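Participant: Structure below; questions to follow.
The values are calculated or read from the model by the stated rules, or taken from the named source; none is laboratory data. If you're wondering where the values come from, they're calculated on a predicted model, not measured in any experiment. Cβ coordinates were reconstructed from backbone atoms using ideal geometry, including for glycine residues, and neighbour counts include every protein chain displayed.
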Amino acid sequence: MQIIISPAKKMRTDTDSFIWKDLPVFLSRTEVIFTELKKLSYEELKALWKCNDKIAAQNVERLQTLDLHKALTPAVMAYEGIQYQYMAPGVFSQEELAYVQDHLRILSGFYGLLRPFDGVIPYRLEMQAKLSVDGFKDLYAYWGNSLASTLWAEGDVVINLASKEYSQCISRYIPEGKRFLTCTFGERKGDKIIEKGTMCKMARGEMVRYMAEIRANSSEQLKAFDRMGYRFSPQDSTAANFVFIKED
């Protein structure tokens, strides 16, 4: 059973907390993207990243100075988004760290598919960015089914805690006999279930932490998740979508 999550835009370099173990499995393909990015002008990069001048300048400098093989940070420590804050891998036990290394995978427009202790550098590149690479019209086409093929080779069940922007890299390519299970975190408003972006990110991080703490090896164990006021809702759930409703 594997778990997928999205990356975060905000990143950091942390070479002290933990030592990275491996280079990303798709690093040679990342190098192609890296080379393509370095060809673009400042204005082209700013438009690609859809950011302000401060962020653009920071990331242009990164492109010019960083090396994909040096001063690397374990991926799970490199991202600083809300989901990662609530996952809080920095305080995981050794057993929990071993669990996420075996079961957690981070999807990335730049690196493709990352294990928690793969060494990475800070970058800015969303999967949906309009970047043509190596003859492909965008990153979805560039990565194709390669990320899904690698992930499905590791197990028969994928727990989806990623945004649609990233999860579609896997959900588009589900082999027969495999199970893709999305977790939805929402609030009931009348006859509708409403998802709120920030709360969803928090809950996804908490779910990863919960699974690591209990060393989950079955999707059935997810139904007991009861953090941040969320409870599993059998009547709203299906085999492909576990729905958790936040109680008032």
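Participant: Given the residues Asp156, Asp134, Asp191, Asp118, which is the only one that is exposed (fewer than 14 other Cβ atoms within 10 Å of the Cβ), touching a helix residue (DSSP H, G or I) at 6+ places or on another chain (Cβ under 7 Å) and not small (Gly, Ala, Ser)?
Facilitator: The unique qualifying residue is Asp134.
Participant: Looking at segment 219-248 only, could you name the residues that are over 19 Å from His103 (Cβ atoms), in contact with a strand residue (DSSP E or B) (Cβ under 7 Å, 6 or more places away or on another chain) and among the small types (Gly, Ala, Ser)?
Facilitator: Those that are over 19 Å from His103 (Cβ atoms), in contact with a strand residue (DSSP E or B) (Cβ under 7 Å, 6 or more places away or on another chain) and among the small types (Gly, Ala, Ser): Gly229, Ser233, Ser237, Ala240.
Participant: Here's another thing I want to ask about it. Between a first residue in segment 76-97 that is within 18 Å of Gly119 (Cα to Cα) and of a type in the set (Lys, Arg) and a second residue that is at pLDDT 95 or above and surrounded by 12 or more Cβ atoms within 10 Å (Cβ to Cβ), which pairs have beta carbons less than 7 Å apart while being 6 or more apart in sequence or on different chains?
Facilitator: none
Participant: Keeping to segment 159-179, report how many residues are over 24 Å from Lys130 (Cα atoms) and surrounded by fewer than 22 Cβ atoms within 10 Å (Cβ to Cβ).
Facilitator: Of the residues in that region, 6 qualify.
Participant: Looking at segment 197-219, I want the residues that are without any contact (Cβ under 8 Å) to a residue 24 or more places away in the chain and have a partner that is surrounded by fewer than 19 Cβ atoms within 10 Å (Cβ to Cβ) and not in a helix (DSSP H, G or I) with Cβ atoms under 7 Å, at least 6 apart or on another chain. Which pairs are those?
Facilitator: Taking only residues 6 or more apart or on different chains, the pairs are Tyr210/Arg227.
Participant: Out of curiosity, is Tyr140 touching a helix residue (DSSP H, G or I) at 6+ places or on another chain (Cβ under 6 Å), surrounded by fewer than 22 Cβ atoms within 10 Å (Cβ to Cβ) and either without any contact (Cβ under 8 Å) to a residue 60 or more places away in the chain or β-branched (Val, Ile, Thr) (or both)? Before you say what the answer is, go through the steps one by one.
Facilitator: Details: touching a helix residue (DSSP H, G or I) at 6+ places or on another chain (Cβ under 6 Å): no; surrounded by fewer than 22 Cβ atoms within 10 Å (Cβ to Cβ): yes; either without any contact (Cβ under 8 Å) to a residue 60 or more places away in the chain or β-branched (Val, Ile, Thr) (or both): yes.
In short, no.
Participant: Quick one: in segment 220-246, of everything that is among the small types (Gly, Ala, Ser) and touching a residue at least 12 places away in the same chain (Cβ under 8 Å), which residue is surrounded by the fewest Cβ atoms within 10 Å (Cβ to Cβ)?
Facilitator: Once the filter is applied, the top-ranked residue is Ala239.
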